[in-house]
Amino acid sequence: MREPILRPMQPDDQAAVADLIHRSTNAWYEARGLPPVFSCPPNDVAVFCRVYESLDPGCCILAEVAGRLAGSCFWHPRETHVALGIMNAAPEAFGRGVARSLLSYVIARAEERGLPIRLVSSAQNLDSFSLYNRAGFSVYAVHQDMSIKVPDDGLTVATAVRQRACAAVRPATVADVPAMVELEREISGIERRRDFELLVQNVEGIWHVSVATDNAGRLSGFLASVRHPASEMLGPGVAHDDATALSLILAELDEHRGGAPVFLPPSDRPGLLASLYALSARNLELHVAQVRGAVQRPTGVVLPSFLPETG
């Protein structure tokens, strides 16, 4: 069997890549009797191509089998790590080494830079988990995929939950980016200034970012969210503690009135989870944060995202 041929994505490939992501992702879930991830048309998924190409030009690799697009993978080089982004193989190309070839390419790029590779992936997909595990990735955190339906007039929040959410929260500005970078480095050990500039500047018009401050006016947490037909999700974000994380989640949920955003709180925060259950949050699945190389275990609350990738 011939190895897939790899090449960088070109501008005129984006529609085909969006269709591949849409078709491949939905096929995996629907084959297991689960609802599709993308309920939007395939062309809406092109937002991933646009955003990632603006963040990391030339960092999407495609795989072709017999001259046809069979796989795609976005990767994100950062100062502290390489994030492995959305990787898809066409259903008809399963078992032909597409995902393995794409992963090997990204591993080689990370090794050239001497950086660890990080990713967040579904714990339900044991095929992808096994692919990463065999390649040397290990799990360092577990996150629960939760969703809350936000009424058109906003959430009704019980007094007890409000009392737990005690941080001062306001919309982020570009001036907050350096402190956001520093806080994530402190809590997660990673750095990605370009991502936060993209979120706060919000050229696409699909993001909102909140920051929390302590009594001394110092940043104690931040949380972004995206609202787009292809992705409605809270994250990325970090916070020093559960109360700050809850305050930020409530602020960003209010930006999603009439929606049902997904978010990924860590599973080892029972106090935070109890507050989320009190808001009628429901579990959808589990995701695992994995790394190939060195990792700093989180010292606070981490809320990953997929647009942009947390890694």
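The values are calculated or read from the model by the stated rules, or taken from the named source; none is laboratory data. Small disclaimer: the values here were computed from a predicted structure and weren't measured. Cβ coordinates were reconstructed from backbone atoms using ideal geometry, including for glycine residues, and neighbour counts include every protein chain displayed. In case anyone asks, the SASA skips ligands and DNA or RNA and just uses the protein heavy atoms, side chains included. Shrake-Rupley method; radii C 1.70, N 1.55, O 1.52, S 1.80 Å.
For residue 259, the conditions (1) modelled with pLDDT of 95 or more; (2) part of a loop (DSSP other than H, G, I, E, B); (3) open to solvent by 10 Å² or more (accessible area, probe 1.4 Å) are fulfilled apart from (3).
Scanning the stretch 1-31 for residues that are over 19 Å from residue 306 (Cβ atoms), assigned to a loop (DSSP other than H, G, I, E, B) and either free of Cβ contacts under 8 Å to residues at least 12 places away in the same chain or within 22 Å of the chain's Cα centre (by Cα) (or both) yields 10, 31. Among the residues of the stretch 132-149, those identified as more than 15 Å from residue 262 (Cβ to Cβ), open to solvent by 40 Å² or more (accessible area, probe 1.4 Å) and either of a type outside the set (Val, Ile, Thr) or in contact with a Lys or Arg (Cβ under 7 Å, 6 or more places away or on another chain) (or both) are 133, 134, 136, 138.
Would you confirm, using the coordinates I've provided, whether residue 96 is crowded, with 17+ Cβ neighbours inside 10 Å, among the basic types (Lys, Arg) and touching a Lys or Arg at 6+ places or on another chain (Cβ under 6 Å)?
No; evaluated as a whole, the condition is false for this residue.
Give the stretch 287-311 a look and list any residue that's under 13 Å from residue 263 (Cβ atoms) and either among the β-branched types (Val, Ile, Thr) or out of contact with any strand residue (DSSP E or B) (no Cβ under 9 Å at 6 or more places or on another chain) (or both), or say none. Correct list: 301, 302, 310.
Checking each residue in the stretch 286-306 for being closer than 19 Å to residue 225 by Cβ, of a type outside the set (A, V, I, L, M) and either part of a strand (DSSP E or B) or more than 15 Å from the chain's Cα centre (by Cα) (or both) picks out 287, 300, 306.
Within the stretch 220-232, being out of contact with any His (no Cβ under 9 Å at 6 or more places or on another chain) and either open to solvent by 10 Å² or more (accessible area, probe 1.4 Å) or under 15 Å from residue 268 (Cα atoms) (or both) holds for 228, 229, 231. Quick one: is residue 216 hydrophobic (A, V, I, L, M, F, W, C) and out of contact with any Phe, Trp or Tyr (no Cβ under 9 Å at 6 or more places or on another chain)? Here the answer is yes, as residue 216 does meet what is asked.
Checking 77, 57, 8 one by one, the residue that is open to solvent by 60 Å² or more (accessible area, probe 1.4 Å), over 22 Å from residue 231 (Cα atoms) and at pLDDT 95 or above is 8 and no other. Cβ separations smaller than 8 Å between residues 6+ apart or across chains give the following pairs from the stretch 53-67 residues that are within 16 Å of residue 308 (Cα to Cα) to residues that are polar (S, T, N, Q) and outside any loop (DSSP other than H, G, I, E, B): 53/14; 60/72. Restricting the first member to the stretch 269-291 and to residues that are more than 23 Å from residue 137 (Cβ to Cβ), and the second to residues that are open to solvent by 60 Å² or more (accessible area, probe 1.4 Å), the beta-carbon pairs closer than 7 Å and six or more apart or on different chains are 275/164.
Inside the stretch 179-213, residues that are farther than 19 Å from residue 306 by Cβ, open to solvent by 10 Å² or more (accessible area, probe 1.4 Å) and assigned to a strand (DSSP E or B) make up a count of 1. With the requirement that a residue be among the polar types (S, T, N, Q), over 23 Å from residue 308 (Cβ atoms) and touching a helix residue (DSSP H, G or I) at 6+ places or on another chain (Cβ under 9 Å), what does the stretch 258-282 give you? Matches in the stretch 258-282: 275 only. Number of residues in the stretch 101-124 that are free of Cβ contacts under 8 Å to residues at least 40 places away in the same chain and either open to solvent by less than 10 Å² (accessible area, probe 1.4 Å) or touching an Asp or Glu at 6+ places or on another chain (Cβ under 9 Å) (or both) equals 1.
Of all the listed residues (216, 239, 243), the sole one being open to solvent by 10 Å² or more (accessible area, probe 1.4 Å) and touching a Leu at 6+ places or on another chain (Cβ under 9 Å) is 243. On the stretch given as the stretch 262-278, residues that are open to solvent by less than 10 Å² (accessible area, probe 1.4 Å) and either assigned to a loop (DSSP other than H, G, I, E, B) or farther than 25 Å from residue 196 by Cβ (or both) total 3.
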